[in-house]
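> Here it is, the structure in full.
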């Protein structure tokens with residue numbers, strides 16, 4: 001976990017030096033909580049994960065499903081509601097692809113989904129090293145709109161690719177993020193989107 005700890009320390013020094021406001025942390029927090037290095041090893045058969053047994057996480061205001069061989073972490077790192085970690089794919093693998101949820105209080109900021117997405121996309125270009133927005137579109141399911149963004153960026157030694165879903169509901173921003181090493185994204189996108197699309201707001 002040393003890579004994660006060093007990155008977090010550096011990021012907080014940046015915040016303190018620039019006196020960044022809370023609202024300017026939108027989006028980037030999902031990035032921070034996505035970084036992890038581990039020494040565990042497991043075989044990662046993505047096809048088995050898609051077809052195999054799944055677990056459910058149900059809370060008062062949301063629910064989500066995930067493969068039973070993914071690790072659920074509810075320790076609240078950097079304000080996350082949860083992080084789901086994939087198994088490592090080999091002994092050489094030191095990054096766990098993951099899905100995490102952040103809920104941010106927007107009271108006093110008068111932000112709707114359009115404005116929230118605008119701010120978040122701006123931060124991809126200004127706060128993410130080599131950040132590049134690849135896809136951005138609005139999606140409607142039932143009576144609730146959400147926004148989908150896919151982007152790449154570099155954090156430490158990792159070249160990463162992110163798929164994020166944004167909701168703004170009752171003065172809260174809800175950010176659900178799939179984070180992968182960039183060269184592994186295509187391998188994880190199907191399973192990742194199955195997890196993301198299982199998310200329901202209660």
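Read the figures in this text as sums done on the coordinates, not as results from a lab. In this text, all values refer to a predicted model and were calculated from it rather than measured experimentally. Here the Cβ is made from the backbone with ideal geometry for all residues, glycine too, and neighbour counts use every protein chain on show.
> Mind giving me the FRET efficiency for residue 77 and residue 157? R0 is 25 Å, r the Cβ-Cβ distance, nearest 0.05 is fine.
Values: r = 20 Å, r/R0 = 0.78.
Computed FRET efficiency for residue 77 and residue 157: 0.80.
> Moving on to the next point. What ranking of 129, 78 emerges when the number of other C-beta atoms within 10 Å of each C-beta is taken as an exposure proxy, fewest first?
Values: 129 9, 78 18.
Taking fewest neighbouring Cβ atoms as first place, the list is 129, 78.
> Could I ask something else about it? Using the number of other C-beta atoms within 10 angstrom as an exposure proxy, rank 113, 72 with the fewest first.
Values: 113 16, 72 13.
Fewest-to-most Cβ neighbours within 10 Å comes out as 72, 113.
> Now, a different point. For 198, 90, which order do you get if you count the other beta carbons within 10 Å of each Cβ and list the fewest first?
Ranked by crowding around the Cβ, least crowded first: 90, 198.
> Under a point spin-label approximation (7 Å from Cα along Cα-to-Cβ), what is the residue 136-residue 61 distance to one decimal in nm?
Rounded to a tenth, the inter-label distance reads 2.6 nm.
> Could you sort the peptides 185-193, 147-155 by per-residue average Cβ neighbour count (10 Å cutoff), highest mean leading? Numbers along the way, then the final one.
Numbers: 185-193: 17.0, 147-155: 18.6.
Those peptides, ordered most packed to least, come out 147-155, 185-193.
> Using the basic label-point model (7 angstrom from Cα toward the beta carbon), what is the residue 105 to residue 90 distance in nanometres?
According to this spin-label approximation, the distance is 4.7 nm.
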